[in-house]
Every structure is written in structure tokens, then in C-alpha cells.
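Report on the following structure.
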């Protein structure tokens, strides 16, 4: 696991150039046209910083813009998500020249979802609270951490909770990093129906 220190502003002679070329918007291409949508991009990118908006580009198939909380979140996403495979497609993640995501040319994706979504108010952004500094940044791996999972689910559990607890936390190990990434992309924050209430799983 990788823990990132607090990132301070650059003070070198090239700081002006760095500021001029930095952006809080990432561009991701190589997205599977039928299996990726705004919510699934959020599930993946939210591990590296707050995700504000996601927009698929109508003019470039399989490409989307992701506006994040700051340029450091974009840098982390580029570092850890560039060149990974998701649904058989190799992602290309880079810093965009755009400084913000504008909801223009909104259209319907193949799965029926909107090509644009605003996530700025979602509670699933894990870097918003005072505990945001406790987030552990790590590259994709075959091992996923699961939180708030219904107690009847069978997998390796962390420290035991009281018998009355309705949720568990633990680890899920997949056969490959790709399988783990795909599961996280689809199921992170997914609501699971349990008797009398809903529960959201957080990876």
C-alpha cells in the first residue's frame, strides 16, 4: 500500500510552466463502449480523489473527461490508472487541456445512461470529510477491501464485530488484478437488498 504525503506547491523556476499546464480534469480513453458509464468511471476514479463531474465525449468514442477535486487527484489517477485493462480494453489516462467539464452535447450511452453526470454532492466522495487525509492511496491489485457488506456474505473478515452487527469488513482476493478492477468498477457503492433496509458496499 502507498501512503501519499501532503503535496506542497512547487517552488522551482519551472513552477509557472507547471501551473500553466496543470488541470483538475483528466481525460480517459479506451473505455468499453457498452460496459462503461459515468457511475462506473466514478467508482474507479473516486479512489484517488473527489470526482466532481464526468462527461463522455460525443465526438470521440470511448473517451470521457473526469473533473476531480484538484490537480493532485488527477496526478494520482494518471499514475495508478493509466494502462490498466478494464473489460478487455486498455485505458489511457492523461491530464486534459480542459480546466473544467461543461455539460454540453449530452446524449444517451448504449446502456441507456446519460453521457454526463454531476457527482459534486454525492456522499460517496471519500476525500471530502475531515478524515480524508486517512485515505490510503494504492495501485490496482488482485486484493480488494470490502466495507459495509451484509453479514451473510462469506469472505475473509477483519476484526470480529459484535454478533448483532449487520455488516462486515474484510478482503476479497481475485484471480487477477483485472478481475478485481472490473468488480470494483461495477460494484463499488452498489446497494445490496437485505431484509428491511438497503446497504451500500464500499471497496
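The values are calculated or read from the model by the stated rules, or taken from the named source; none is laboratory data. Given the structure is predicted, the values throughout are model-derived calculations rather than measurements. As a convention, Cβ positions derive from the backbone with ideal geometry for all residues, glycine included, and neighbour counts pool all protein chains shown.
Can you name every residue in the stretch 58-90 that is surrounded by fewer than 20 Cβ atoms within 10 Å (Cβ to Cβ) and in contact with a helix residue (DSSP H, G or I) (Cβ under 7 Å, 6 or more places away or on another chain)?
Passing the criteria: 84, 85, 87.
Being more than 28 Å from residue 87 (Cβ to Cβ) and at pLDDT 75 or above, is that true of even one residue in the stretch 124-144?
Yes - at least one qualifying residue is present in the stretch 124-144.
Does residue 17 qualify as being surrounded by 15 or more Cβ atoms within 10 Å (Cβ to Cβ) and modelled with pLDDT under 95?
Taking the combined requirement at face value, the residue does not satisfy it.
Could you list, in sequence order, the residues of the stretch 105-123 that are in contact with a strand residue (DSSP E or B) (Cβ under 9 Å, 6 or more places away or on another chain), part of a loop (DSSP other than H, G, I, E, B), within 29 Å of residue 172 (Cβ to Cβ) and at pLDDT 95 or above?
Of everything in the stretch 105-123, those that are in contact with a strand residue (DSSP E or B) (Cβ under 9 Å, 6 or more places away or on another chain), part of a loop (DSSP other than H, G, I, E, B), within 29 Å of residue 172 (Cβ to Cβ) and at pLDDT 95 or above turn out to be 109, 119.
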